[in-house]
Amino acid sequence: GQNIDQPTEMTATEGAIVQINCTYQTSGFNGLFWYQQHAGEAPTFLSYNVLDGLEEKGRFSSFLSRSKGYSYLLLKELQMKDSASYLCAVRRVDSNYQLIWGAGTKLIIKP
Amino acid sequence: EAQVTQNPRYLITVTGKKLTVTCSQNMNHEYMSWYRQDPGLGLRQIYYSMNVEVTDKGDVPEGYKVSRKEKRNFPLILESPSPNQTSLYFCASSAGTGGTDTQYFGPGTRLTVL
């Protein structure tokens, strides 16, 4: 079957570093996305990985290991505004390259 | 400003009363999609469209219809809404479905069916 797993909720402290993991099992793979979604708002794009390795973009980095079906999103120097849900999505090769989404990880930042 | 718009943003209706949620994008995107988001389940795709007059079922199409007569618009139609269609709905668009084509989301429509 096709499945994406993420932790439901995580808590971290302002100024710290947090790593949000995502594991996936899909029929074919054509890229992995991370999106940020603040409560009551639309998801917004954070990062895209299609090859193994680390992609860094400011305070956010995303890592992919295709052989392990694993990705993580690393957030550094956490700010209160980083309190949000983080969604992992994988693009499938079948079904016209549609995305399958994880349920999201709610990240709570404490002062 | 490049954006995806949805209307209405909030809607409370009753079982069986047909409704339409509109979606429009001004980025000349070929690809558009409808999702519903329910607690603990993540985004689930209802229908998608690869281009004008080309639509296809997603993972949860039952009870929904769509049309794509123009590139910019992709309305979602609920012919006979039921309480299990109470959800948060998002429309999204992207230039395509390959490479780094990222999806841009509308602000969402919160639908309650009584």
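Read the figures in this text as sums done on the coordinates, not as results from a lab. No experiment lies behind these values; they were computed from the predicted model shown. Backbone-built Cβ (ideal geometry, glycine too); neighbour counts: all protein chains shown.
Annotation: the residues A:PHE29, B:PHE74, B:PHE105, sorted from fewest to most other C-beta atoms within 10 Å of their own C-beta, follow the order A:PHE29, B:PHE105, B:PHE74.
Taking the number of Cβ atoms within 10 Å of each Cβ as an exposure proxy, the fewest-first ranking of A:ASP94, A:ASP82, B:ASP59 is A:ASP94, B:ASP59, A:ASP82. Cross-link reach is defined here as a Cα-Cα straight distance under 25 Å, omitting same-chain residues fewer than 8 places apart; for A:LYS106 the lysines meeting it are A:LYS57, A:LYS68, A:LYS76, A:LYS81. Annotation: the antiparallel percentage among DSSP beta bridges lying fully within chain B is about 90. For A:GLY31, the amide hydrogen comes within under 5 Å of the amide hydrogens of A:ARG91, counting only partners 5 or more places away or on other chains and with H modelled in the peptide plane.
Mean-square fluctuations from a GNM of chain A, with a 10 angstrom spring cutoff on Cα atoms, peak among A:LEU73, A:LEU99, A:LEU64 at A:LEU99. Between the listed residues B:ALA2, A:ILE100, B:VAL113, the Cα displaced farthest toward the positive end of the dipole of the protein assembly as shown, a dipole computed from Cβ unit charges relative to the Cα centre, is found at B:VAL113. Just the C-alpha atoms of the protein assembly as shown: what Rg/Rh do they give, with Rh taken as the Kirkwood radius? For the protein assembly as shown, the value is 0.97.
Pairs of Cα atoms in chain B fall into 10 Å distance bins, from 0 up to the last occupied one, in shares of 15, 50, 29, 5, 0 percent. Dipole orientation for the protein assembly as shown: of the candidates B:ASN84, B:SER49, A:LEU32, B:ASN84 has the Cα lying most toward the positive pole (charges on Cβ; Lys, Arg +1; Asp, Glu -1).
Exposure proxy shown here: for B:SER49, B:SER82, the number of other Cβ atoms within 10 Å sets the order, fewest to most, as B:SER82, B:SER49. Based on C-alpha pairs under 8 angstrom that are at least 6 apart in sequence, chain A has a relative contact order of 37 percent.
Neighbouring Cβ atoms from other chains, within 10 Å of the Cβ of residues in A:33-42, number 3 on average. Between A:PHE63, A:PHE45, A:PHE33, the GNM of chain A built on Cα springs shorter than 10 angstrom shows A:PHE45 fluctuating the most.
Compared with the direct C-alpha span, the chain from B:LEU11 to B:VAL54 gains 12.7 nm at full extension, assuming 0.36 nm per residue.
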